[in-house]
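The structure appears below as structure tokens.
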Amino acid sequence: MEKRNVKMIYQYDGSKFCGFQRQNTMKTVQGEIEKVIFRTFSQKINMISSGRTDKGVHAMEQVSNFLIDKNIPLEAIKRQINKCLKGEVKVLGIEEADGKFNARFDAKSRTYLYIMRTEEDITPFEVNYVTGLRKNVDAEKFQEIMNDFVGKYDFSSFMKKDKAYRNPVREIFYIKCYYDEKFGEKQVNVEICGNGFLKTMVRIMIGSALAVYFGNEGKDCIRKKLANPNADGKKILAASEGLYLYKVNY
């Protein structure tokens, strides 16, 4: 039967999954969505996605595409996923895409959002969605540190080793650090937009910047690591709870 290429935009709560990528023994975002489609429509699909998030990382806007038989109504796919994975995954939009559309390779930019707040101001209902800090972070000072990442670099020093990515060069288009309107200076939001991201790259960028901010690393630490890429060097990871795949642009 003739297939069509389906583009799907959706959200998910990363705290409910052991990461994004399909795995045999663990519950993942890709794995659960593919299972729903297989059980409901007897279709074995392979999702191609804009990016693969780590365990505990959320998505406000993830984009995937997959091939499926022509006769299956797209609204039925959306309805079934939202029903079966309620509280974990929500499909925002689904449509037939051009046959050549590829959610991974056609993406022009991806934007991640990182949310940090003082620990004492985080409720039990927010612990999986906001990263707790012992002290306030000044948004302007943090912006100055994060600015070192803007540009095109070999980010080997800011990635977990991953056989799937042979080219460690990425370009960061912009970074914005700002106070959240609701919480004022108690919460800092960080938007990082780039052409693509390596494994755990955003968390290592934030972790490194926090280490510089709190004086655990030298002020030139980030610049040195970008100038001397080393995949085997020390990595400082920020927590996953406050990280969201925020937007994907095509």
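Here is how the numbers come out for the structure above:
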read-out	value
Residues of the range 99-170: accessible area per residue with a 1.4 Å probe, Å²	60
Relative contact order of the range 95-137, pairs being alpha-carbon contacts under 8 Å that are 6 or more residues apart, as %	34
Trypsin sites (Lys or Arg not before Pro) lying in DSSP loop within the range 201-242, provided at most 15 other Cβ fall within 10 Å	Lys219, Lys234
Fraction of accessible area attributable to carbon and sulfur, the range 144-250 (%, probe 1.4 Å)	46
Pairwise centroid distance, computed over Cα atoms, of the range 16-39 with the range 173-250, Å	27
Most mobile listed residue (Asn167, Asn65, Asn82) in the chain, GNM with C-alpha springs under 10 Å	Asn167
GNM result for the chain, Cα springs below 10 Å: residue of Leu113, Leu198, Leu85 fluctuating most strongly	Leu85
Candidates Val150, Val89, Val57: whichever shows maximal mean-square fluctuation once the chain is modelled as a Gaussian network with Cα springs under 10 Å	Val150
Over the chain, relative contact order from alpha-carbon pairs under 8 Å, at least 6 apart, %	24
Gyration tensor (Cα) of the range 154-235, equivalent ellipsoid semi-axes in angstrom	24, 16, 10
Per residue, the convex hull volume that the Cα atoms of the range 1-101 enclose (Å³)	91
Quotient of Cα Rg and 2.2 N^0.38 Å for the range 113-205, N being how many residues it contains	1.19
Hz values of 3J(HN,Hα) by residue in the range 235-250 - Karplus curve (6.51, -1.76, 1.60), Gly and Pro given as x	10, 10, 9, 7, 5, 7, 4, x, 9, 9, 6, 9, 8, 10, 10, 10
Rounded percent of accessible protein surface that carbon and sulfur make up, the range 2-120, 1.4 Å probe	47
Sparse-neighbourhood loop sites, GluC sites (Glu not before Pro) in the range 148-196 - DSSP loop, at most 12 other Cβ within 10 angstrom	Glu181
Unit Cα scatterers, Debye sum, the chain: log10 I(q)/I(0) for q = 0.08, 0.12, 0.15, 0.17 Å⁻¹	-0.33, -0.73, -1.06, -1.28
Mean projection area, nm², convex hull over Cα of the range 81-156	9.3
Residue-averaged 222 nm ellipticity for the chain, from DSSP H runs of 4+ at -39500 (n - 2.57), nearest 500	-6000 deg cm²/dmol
Relative contact order of the range 119-250, defined on C-alpha pairs under 8 angstrom at six or more residues apart (%)	31
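The values are calculated or read from the model by the stated rules, or taken from the named source; none is laboratory data. Because the structure is a prediction, the values reported are computed rather than measured. Cβ sites come from the backbone with ideal geometry, for glycine too, and all protein chains shown count toward neighbours. Calculation scope for accessible area: heavy atoms of the full protein, side chains included, ligands and nucleic acids excluded. Shrake-Rupley method; radii C 1.70, N 1.55, O 1.52, S 1.80 Å.
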